[in-house]
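Below is one structure, written out as structure tokens; comments come after it.
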Amino acid sequence: MSASASDGRADHREGPTVPVSPGSGAAGPTSAAREEGRGRYEPHGGPSLARIARLLTAYGADPDTELVRLLERATFTVAIGDADAHGKNISLLHPTPEHITLAPPYGAVPTALWPRLRPTAAMLVNGRTILNEVTAEDLTREARHWGLGSQRAAATVRDVCERLRAAAPPPARDGLDLASLMTANLDGLAGHDHRTKDRLTSGTPSEPTLHSTEMPAAMACVGSSGDDIILPSSVTPPGPATERDPL
């Protein structure tokens, strides 16, 4: 059995009840936020990485391993520019009645390929609200707040960045594709100046290029088969209106 991090449900099978957080704070999302479909986002009262980390620490068979996997997921989210990694796109599996484990990633969308979509992170990283401003140090500090050792956290972030860089094909010469996006974001995580926001300010095509092999290769770096991935070709690009929430 599984439940997404924003379901607000508990698993009542045999064994201890494992609550799945309705939000990062005690109050959770407001009724208005739920009605508007924003209750799954942390800035509107949705789940936080810290809340998920607390559940994994309390009920994971190997808490440190689970926290490493969560940090890998967070690093991947920053690297591909996915501002839609909200509570319904993270699930917890129950391999036994007593334990939970982080489910493989799914529903990933490189939302940064569309500059009209809001860049606000669905789940904050070390308090940062703008996804493309998150640094490797932010990711390490976030994981330290969960209880993961600083050296292991820093090594995990470096490892994921190296694997993603190796998996990415050469960036396109014209326009912006996932490879270009990942390269820019990985450079930013490494402390260079070329961040997503700089790459998206001029000449971005209305239809971003994403080859069918790129996302599965990237997802494989964080433990997914890539079978359940939302590609830009399957998402309706936003219209000419002002900034919108991702999806």
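Quick one: which of 45-55, 79-89 comes out on top by average Cβ neighbours within 10 Å, and what's the full order, highest first? Mind dumping the intermediate values first?
On the way: 45-55: 22.7, 79-89: 25.3.
Ranked by mean Cβ neighbours within 10 Å, highest first: 79-89, 45-55.
What's the extension gain from THR129 to ARG144 if we count 0.36 nm per residue and subtract their Cα-Cα distance? Write out the running numbers ahead of the final one.
Working: separation 15, 0.36 × 15 = 5.40 nm, distance 1.83 nm.
Here the answer is 3.6 nm.
Taking other residues whose beta carbon is less than 12 angstrom from the beta carbon of LEU102, and scoring Lys, Arg as +1 and Asp, Glu as -1, yields -1. Computed from label points 7 Å out along Cα-Cβ, the spacing between LEU93 and ARG116 is 3.8 nm.
Quick note: the coordinates plus some simple rules give every number you see, no bench work behind them. None of the values given here were measured: they were computed from a predicted structure. Neighbour counts run over all protein chains shown; Cβ positions are idealised from the backbone, glycine included.
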